Amino acid sequence: MTTTDPETKDVKPPGGRPVAIPSETSAPDEEASSEVILAQNRGRWNSSPINVCRFVAALYSFIVLGMNDACLGPLIPYIETYYDISYTAISTAFLSQCVGYILAATVNSMIHHHWGQRAVAIIAPLCHLVAYIPISFHPPFPAIPVLMILSGLGNGLEDSAWNAWIGDMENSNELLGLLHGAYGAGATIAPLVATTMITKAKVEWYTFFYVMAGTAALELVALSSAFWGADGAAYRERHRSTTGQDRTTTRRVIREPVTWLVAFFLLGYVGCEVSLGGWITTFMLNVRHAEPFDAGMAGTGFWLGLAVGRVVLGFTTGRIGEKNAVTIYLLLAIALELMYWFVPNFIASAVVVGFMGFFLGPLFPEAIVAATKLLPRDFHISAISVAASVGGCGAALIPFAVGAIAQRKGVKVLQPIVLTVLVFILVIWWALPGGFRRGGLERARENNEKVGYQLKAGWTHAREMFASQWRPARAGEQR
């Protein structure tokens, strides 16, 4: 019997013979057994020429996503002056993309089921084009947040589609590191190009959206050509429902606690990432008193660190275990954030934000890896779409909050907000099943581990240790 359900006993990997999969009640014979079994049932990015073309097209689309998310930050001071508006008004441009991500979450599963990846490859770039072309004609400001809804919809569709597709492949840590490294590369290019165009070529801010429209047109050609054969029938064949229904619905997926843990992790992470990237230029100008070009380059350094961290650390994370690695990265990011906050020097701040980007970079792809390992395959599109949409809300809500508070208190409020969010997502990460051993995420489903199991066990252990230390001391006092 051949099936895609990981709980069945006979599974035929692509191009291979059936392999035996132990049920949830059986224990692995060795620590890496679950990882080996999971890899046998996954595809490879280079299994065929068309797969290679699709992978490269997905990388390019994430460059466009990165440019979209990072371009607003260096443009904020110039949009503010051009339209004579407040930080709060500008922040609505962040907020509107949240609406687009929510729309993507509601329709993504249906689009994949009926029309497959081909539809995403056509609709998402069109959304980008329809947003960028009108913005390049610098309409009245109220039109810009409305148009950014469309760019958010395009981002949300591609974000979940390509993350779910690549996250289900062999070597997903490395491949997702490359995918999100492409996002980081786009996010590095956008501030560099935008800042150079405005400060050196002396053009208006909206000229940069001519560039964005051109990249979106190329995105439409690349994706639609690569994914033309990936229709609804192909998707339904590979992602058969394990719920007994015709398809696994988003309503069913959101009943899984893991879906919401990953979603809230991305809410905090993406909000932190976009807040830092979006407000670095303004912070450096107003608080560190940097020159305009230098302030823009500091933002570029953050996104460059993000890109490099995703690629480099993607090749090391899987070797030490996702739970351990992300914990280390977050603790280092928290230490660097404290330095960014309390060391009042522009050069030091610029160096620190670059390293913050480096260690924050792998967090998004590792959250996707965790979701694909903890949830059945037919849950992936909906679960990642929901998580990405909630993350998109974080990309809107947290920068909006920074802007709204900065209007009254100054942009220095960026630092305590970011620090609080980093601590929040560290606790969320610890609540995921799987423990802190390598291969723990794979074994979590087999062992039926519950959300928050490790936090509860750690709290119980700490309380027992405290009690054992306290009681003898109290006994000595009584004597």
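The values are calculated or read from the model by the stated rules, or taken from the named source; none is laboratory data. Note that the coordinates shown come from a computational prediction; the quantities given were computed from them, not determined experimentally. Cβ coordinates were reconstructed from backbone atoms using ideal geometry, including for glycine residues, and neighbour counts include every protein chain displayed.
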Self-check item: Qualifying position, being assigned to a loop (DSSP other than H, G, I, E, B), modelled with pLDDT of 85 or more and among the β-branched types (Val, Ile, Thr), among 79, 50, 63, 85
Solution: 85
Practice problem: For region 158-184, name all the residues that are closer than 22 Å to residue 235 by Cβ and within 13 Å of the chain's Cα centre (by Cα). | Solution: 158, 159, 160, 161, 162, 163, 164, 167, 176, 179
Self-check item: Condition met for residue 174 (surrounded by fewer than 23 Cβ atoms within 10 Å (Cβ to Cβ), out of contact with any His (no Cβ under 8 Å at 6 or more places or on another chain) and assigned to a helix (DSSP H, G or I))
Solution: yes
Quiz item: Does any residue of region 131-145 turn out to be within 18 Å of residue 223 (Cβ to Cβ), touching a Ser or Thr at 6+ places or on another chain (Cβ under 9 Å) and of a type outside the set (Asp, Glu)?
Solution: yes
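Any residue in region 195-215 that is over 30 Å from residue 284 (Cβ atoms), among the small types (Gly, Ala, Ser) and touching a helix residue (DSSP H, G or I) at 6+ places or on another chain (Cβ under 7 Å)?
no
Would you be able to tell me the number of residues in region 142-171 that are part of a helix (DSSP H, G or I) and charged (D, E, K, R)?
2
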Quiz prompt | Which listed residue, of 227, 141, is surrounded by 18 or more Cβ atoms within 10 Å (Cβ to Cβ), more than 28 Å from residue 326 (Cβ to Cβ) and hydrophobic (A, V, I, L, M, F, W, C) | solution = 227
Quiz item: Has region 153-173 got any residue that is at positive phi and of a type outside the set (Lys, Arg)?
Solution: yes
Quiz prompt | Lone qualifier among 189, 149, 133 - being surrounded by fewer than 17 Cβ atoms within 10 Å (Cβ to Cβ), in contact (Cβ under 8 Å) with a residue 24 or more places away in the chain and not hydroxyl-bearing (Ser, Thr, Tyr) | solution = 133
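Residue 402 - would you say it is touching an Asp or Glu at 6+ places or on another chain (Cβ under 8 Å) and crowded, with 21+ Cβ neighbours inside 10 Å? So that I can check it myself, show each step before the final result.
Details: touching an Asp or Glu at 6+ places or on another chain (Cβ under 8 Å): no; crowded, with 21+ Cβ neighbours inside 10 Å: yes.
No, not satisfied.
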Quiz item: Among the residues of region 18-35, is there at least one that is at pLDDT 90 or above, surrounded by 15 or more Cβ atoms within 10 Å (Cβ to Cβ) and not in a loop (DSSP other than H, G, I, E, B)?
Solution: no
Exercise. Could you grab me the full set of residues in region 412-436 that are more than 27 Å from residue 374 (Cβ to Cβ) and either under 17 Å from the mean Cα position of the chain (by Cα) or free of Cβ contacts under 8 Å to residues at least 40 places away in the same chain (or both)?
Key: 413, 418
Practice problem: From the list 138, 128, 113, pick out the single residue that is touching a residue at least 40 places away in the same chain (Cβ under 8 Å), over 15 Å from residue 364 (Cβ atoms) and not in a helix (DSSP H, G or I). | Solution: 138
